[in-house]
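A short write-up of the structure that comes next.
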Amino acid sequence: MNAGMLPSMNQWGRSLWWLALLGEGAGLARGEAPEEWSLHAQSTAIEQWHGGFTSPYAGPSSLEPTREDKHTVTLTFFLGRRLWTGGEFYYNPEITQGTGLSDTVGAAGFPNGEATRAGAKTPEYNTARLFVRQTFALGSVSEKIESDQNQLAGARPAERLTLTLGKLSAADVFDTNTYSHDPRTQFLNWALMSNGAWDFPADTKGYTAGFTAEWTQVARTLRYGAFMEPKEANGRPLDQHVSKALGQIFEWEERYTFAGHAGALRPFVYWNRADMGSYAAASRLAAPDVTLTRAYRAKVGAGLNWEQEVAKDIGVFARAGFNDGRNETWAFTEIDRTLSAGMSVKGARWGRAGDTFGAAVLANGLAGDHRRYLAAGGVGFIVGDGRLAYAPEGIFETYYDWKPVAWLALAADYQFVDHPAYNRARGPVSVFAVRAHVAY
């Protein structure tokens, strides 16, 4: 790596000033939140850059082929209040700043999962979550839970029905994974934090309004969610016509032990309906533009999410997913087929119990209608080079997360992206990142 590829000190200064806002409160991480109230906070700064790469042509949604670096910063507070027996209220004010590489376009498996929340050059406020959760006991056995983000310390029924209503992220509840789900502490890539083929309902910040129901038994949980869709693809306002625009998902989680180690399997199916364009219809236009073909249409898909502890402090995971790929990508990213696998190793094995090493590979693909639309010159909100020599998008990511103290984690991350935006004519590109994460 040459020195010209490193981010400047001024850029680091702009990114990390958020961390100083919380510095005086580091001691809060050492105590437990009260049962009736809880207050947690986090701040994450990510600096990401890449060098130049092969690019015989580019379009409006292409990754910039010359050297660039961008940063994102988020600051989130997690306020919780116990209302009554089984009732809880949560409010998460959030401030974000920065953008992803090339203004967050150019790769379907985009390399910075925090870029979904950021998107402005100056600090921007957003109510990330505002919801009520009600838990009903279905048995007499209870389990202890610790104070955490959007979780009050105390006891909860081991067998229960949990209902949630309000503003939240669909990914808070569905497609979770112990080893690959949070770009603030784990893998950075979008298609590793969630199943890339699940076009999960969300505004451009990654949040929506909705309802979830979870029926939990000792070894399994059945989940259902219904969420509002954005009014426009990757848009901020939500579509108020919920009889026409709604995203729904069913997920079954089966928990088990194998050779004394915990594992879980989570298959899901989803059905989205929104004011989407048709890729086939758009491809027939003289100048393909999927936004000109919008009407209320459906998208269906399914996915599988697996995790397995294989030894103490070592876990593996995999995801697979697909959707029909006929209609416009609406909220998450332009992936119709995805397959990923990876591992996570805790640093206790080399005397650093708080550290984590991770490595993963993933492959993303497009359905026929979607592929032909991009080849004809069409563009989407995250990919579109103006033409296309199609090939599956392949990504390798590895990171090391160093935790010098309980409330601070510093990480180095590397991603190799082959055929960015499914185009064998462009790339490959190496993407580097450093991350600082503070949590209380």
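Is it fair to say residue 196 is closer than 29 Å to residue 365 by Cα, touching a helix residue (DSSP H, G or I) at 6+ places or on another chain (Cβ under 9 Å), part of a loop (DSSP other than H, G, I, E, B) and among the small types (Gly, Ala, Ser)? First the steps, then the outcome.
Numbers: closer than 29 Å to residue 365 by Cα: yes; touching a helix residue (DSSP H, G or I) at 6+ places or on another chain (Cβ under 9 Å): yes; part of a loop (DSSP other than H, G, I, E, B): yes; among the small types (Gly, Ala, Ser): yes.
So residue 196 fits the description; yes.
Restricting attention to the range 379-412, which residues are charged (D, E, K, R) and either buried (at least 24 other Cβ atoms within 10 Å of the Cβ) or free of Cβ contacts under 8 Å to residues at least 40 places away in the same chain (or both)?
Initially, the range 379-412 is screened for residues charged (D, E, K, R), giving 385, 387, 393, 397, 401, 403.
Within the range 379-412, 385, 393, 397 meet the criteria.
Can you name every residue in the range 413-433 that is in a strand (DSSP E or B) and either in contact with a helix residue (DSSP H, G or I) (Cβ under 6 Å, 6 or more places away or on another chain) or surrounded by 19 or more Cβ atoms within 10 Å (Cβ to Cβ) (or both)?
413, 415, 417, 423, 429, 431, 432, 433
Determine which member of the set 352, 371 is surrounded by fewer than 20 Cβ atoms within 10 Å (Cβ to Cβ) and closer than 21 Å to residue 279 by Cβ.
371
Somewhere in the range 140-147, is a residue out of contact with any helix residue (DSSP H, G or I) (no Cβ under 6 Å at 6 or more places or on another chain), farther than 30 Å from residue 392 by Cβ, surrounded by 14 or more Cβ atoms within 10 Å (Cβ to Cβ) and at pLDDT below 95?
Within the range 140-147, one or more residues are out of contact with any helix residue (DSSP H, G or I) (no Cβ under 6 Å at 6 or more places or on another chain), farther than 30 Å from residue 392 by Cβ, surrounded by 14 or more Cβ atoms within 10 Å (Cβ to Cβ) and at pLDDT below 95.
Restricting attention to the range 90-122, and to residues there that are surrounded by fewer than 22 Cβ atoms within 10 Å (Cβ to Cβ) and of a type in the set (Asp, Glu), which single residue is nearest to residue 424 (Cα to Cα)?
The extreme case among them is 103.
Of all residues being among the small types (Gly, Ala, Ser) and in contact (Cβ under 8 Å) with a residue 24 or more places away in the chain in the range 49-78, which is farthest from residue 126 (Cα to Cα)? Just the residue, please. Break it down into steps so the answer makes sense when it comes.
Taking the range 49-78 as the starting set, the residues that turn out to be among the small types (Gly, Ala, Ser) are 51-52, 55, 58-59, 61-62.
Those still in the list that are in contact (Cβ under 8 Å) with a residue 24 or more places away in the chain too: 51, 55, 58-59, 61-62.
On the way: 51: 33, 55: 37, 58: 33, 59: 31, 61: 26, 62: 28 Å.
Looking at the filtered set, the residue picked out is 55.
Within the set of pairs 6+ apart or on separate chains, which have a first residue in the range 79-91 that is outside any strand (DSSP E or B), a second that is at pLDDT 95 or above and among the aliphatic types (A, V, I, L, M), and C-beta atoms under 8 Å apart?
86/137
Consider the range 208-220. How many of its residues are under 17 Å from residue 248 (Cβ atoms) and not hydrophobic (A, V, I, L, M, F, W, C)?
4
Hey, among the residues in the range 140-170 that are among the hydrophobic types (A, V, I, L, M, F, W, C) and not in a loop (DSSP other than H, G, I, E, B), which one's farthest from residue 39 (Cα to Cα)?
Among residues in the range 140-170 that are among the hydrophobic types (A, V, I, L, M, F, W, C) and not in a loop (DSSP other than H, G, I, E, B), the one farthest from residue 39 (Cα to Cα) is 161.
Only one residue in 421, 360, 406 is within 13 Å of residue 107 (Cβ to Cβ) and either under 22 Å from the mean Cα position of the chain (by Cα) or modelled with pLDDT under 95 (or both). Which one?
421
Which members of the range 209-240 meet the condition of being assigned to a loop (DSSP other than H, G, I, E, B) and touching a residue at least 40 places away in the same chain (Cβ under 8 Å)?
Those that are assigned to a loop (DSSP other than H, G, I, E, B) and touching a residue at least 40 places away in the same chain (Cβ under 8 Å): 217, 218, 229, 231, 232, 233, 234.
I'd like to check something: does the range 395-402 contain any residue that is touching a Ser or Thr at 6+ places or on another chain (Cβ under 9 Å) and hydroxyl-bearing (Ser, Thr, Tyr)?
Taking every residue of the range 395-402 in turn, at least one turns out to be touching a Ser or Thr at 6+ places or on another chain (Cβ under 9 Å) and hydroxyl-bearing (Ser, Thr, Tyr).
Restricted to the range 109-136, and to residues that are among the aliphatic types (A, V, I, L, M) and part of a strand (DSSP E or B), which residue is modelled with the lowest pLDDT?
Across the range 109-136, the extreme among qualifying residues is 120.
Tally the residues that are surrounded by 13 or more Cβ atoms within 10 Å (Cβ to Cβ) and either of a type in the set (S, T, N, Q) or closer than 18 Å to residue 239 by Cα (or both), restricting the search to the range 279-297.
Qualifying residue count for the region: 6.
So, of the residues in the range 72-89 that are in contact with a helix residue (DSSP H, G or I) (Cβ under 6 Å, 6 or more places away or on another chain) and of a type in the set (A, V, I, L, M, F, W, C), which turns out to be surrounded by the most Cβ atoms within 10 Å (Cβ to Cβ)?
Filtering first and then ranking leaves 73.
The values are calculated or read from the model by the stated rules, or taken from the named source; none is laboratory data. This one's a predicted model, so the numbers in the text were calculated from it and none came from an experiment. Heads up, the Cβs are rebuilt from the backbone with ideal geometry, glycines too, and the neighbour counts pull from every protein chain shown.
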